[in-house]
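Heads up, the thing below is written out as structure tokens.
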Amino acid sequence: TGSLTVGELAKKLGKEPSEIIKKLLFLGIMATINQEIELEAIQLIAEEYGVKVEEKIEIDEDQFELIEDHDDPADLTVRPPVVTIMGHVDHGKTTLLDAIRKSKIVAGEAGGITQHIGAYQVVINDKKITFLDTPGHAAFTSMRARGAKVTDITILVVAADDGMMPQTIEAINHAKAANVPIIVAVNKMDKPEANPDRVKQQLAEHGLLPEEWGGDTIYVPVSALKQEGLDELLEMILLVAEVQELKANPNRLAKGTIIESQLDKGRGAVATVLVQNGTLRVGDPIVAGATYGKVRAMVNDRGKRIKEAGPSTPVEITGLNEVPHAGDPFVVFEEERKARVIGEKRALKLRQSELNATSKVTLDDLYKQI
Ligand code: GDP
Ligand code: MG
């Protein structure tokens, strides 16, 4: 980026290479015709000929969207699994998420205030698990539609009294399409009508054959209400995560996905982001969707201000110019101006596509009237 050989520069300026080499010598740079010279030197030389040189910032947009990375294997370290909870309405998703959060967070910190940022982490056997607390299916599907793969494991909650329901099947299909392993939490085991075997039978017909029946799906009986079976469920999550060998490179600039976002009166755009690779730091120039900025402050799921967040960490950030969308990818750049250029380019693109969409609607409306 931004460098030329002496020969190329001479050609661009319409001068003899020997003349450029002489000028470079005056600047204290010994160069041959095929040598690349730095942008700064190019600018100085060009100025002498009355030419102003600006670095063109070119970044491959496709690269921006890429979630897979080519990190040096030596840099890769184990990262916590990212877990989402799915299931039919009223089968206990919210109760289960709250029960896990309560049992693992508040217990260890008397009077500790947990912050609802749309995701949280728990620690079990010295290992972390990240739970996404996003409003169920909608977030999951919209994120997937945007190509963001954020989930490593899905917990399918099925009420033991109710059994399989339409949204249970929907959840199975989503998880399968995204190639995300499923652990079944058979919930409401405290109820007298609970019938876990019926749940297993029903789900087995949808490809989730229980381990104890010779299949490879883990079923864990739980009661979210009575907080029973939670440790077993968490241990199974860690087991499945271990098999997946989830890894990331903390020694690079962060990238990840916007989980939630909102406009706060005092703090401006506030976004919960999931760091999927690299380490996010306060002060980092960042592009998220079609907006950009500089990370001003970071708060973790316990309401604590932090300075950096590694892979699989959910964190609430401020400092973006505008509110990004849930599911938007984010990327950190070394230089603030790069983040700005990309952010502005994307905002422009977005406005154009919105403009196109609106004019289309108007046309449709016209046709409808006819
Ligand atoms: P969601 O729609 O899947 O988020 O379900 P909720 O978590 O809101 O739970 C729906 C209802 O089921 C609530 O009244 C809960 O108190 C109740 N519930 C959730 N888990 C259990 C459980 O383990 N046992 C019993 N008896 N009730 C539960
Ligand atoms: Mg709920």
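Extension gain for Lys265-Ser353 works out to 28.8 nm (0.36 nm per residue, less the C-alpha to C-alpha distance).
Can you tell me the FRET efficiency between Glu193 and Glu38 if r is taken as the Cβ-Cβ distance and R0 is 45 Å, rounded to the nearest 0.05? Let's see the in-between values first.
Numbers: r = 75 Å, r/R0 = 1.67.
For Glu193 and Glu38, the calculated efficiency is 0.05.
The range 259-274 and the range 185-206 have Cα centres lying 39 Å from one another. Checking the cross-link pairs Lys104/Lys226; Lys11/Lys338; Lys127/Lys149; Lys149/Lys247 against a 20 Å limit on the alpha carbon distance flags Lys11/Lys338; Lys127/Lys149 as lying beyond it.
Computed extension length for His116-Ala177: 19.1 nm, one decimal, from 0.36 nm per residue of separation with the Cα-Cα distance subtracted. Using only the Cα atoms of the range 189-338, each taken as one equal point scatterer with no solvent, compute I(q) by the Debye sum, divide by I(0), and report log10 of the ratio at q = 0.09, 0.14, 0.21 Å⁻¹. The computed values of log10 I(q)/I(0) come out as -0.45, -0.79, -1.16. Dimensions of the range 226-280 along the principal axes, based on C-alpha atoms and rounded to the nearest Å, stand at 42, 37, 12, largest first. Once the Cα-Cα distance is subtracted from the 0.36 nm per residue extended length, the Trp213 to Asp72 segment shows a gain of 46.7 nm. What number comes out for the charge environment of Gly92, summing +1 per Lys or Arg and -1 per Asp or Glu over other residues with Cβ under 13 Å away? Local charge sum for Gly92: -2. Taking 29 Å as the straight-line reach from the Cα of Lys15, the lysines in range (excluding those fewer than 8 positions away in the same chain) are Lys23, Lys52, Lys56. Got a sec? Which residues in the range 27-55 would a label at Glu19 touch, if it sits 7 Å along Cα→Cβ and we count backbone N under 14 Å? Only 45-51 fall inside the zone, counting backbone N under 14 Å. Inter-label distance, Asn125 to Ile169: 3.6 nm, where each label sits 7 Å from its Cα along the C-beta direction. Computed from the Cβ-Cβ distance with R0 of 35 Å, the FRET efficiency linking Val282 to Asp231 stands at 0.50.
Bear in mind these aren't lab numbers, they're just calculated from the coordinates by the rules spelled out. Everything numeric here is computed off the predicted structure, so don't read it as measured data. Cβ: placed from backbone, ideal geometry, glycine included. Neighbour counts: every protein chain shown.
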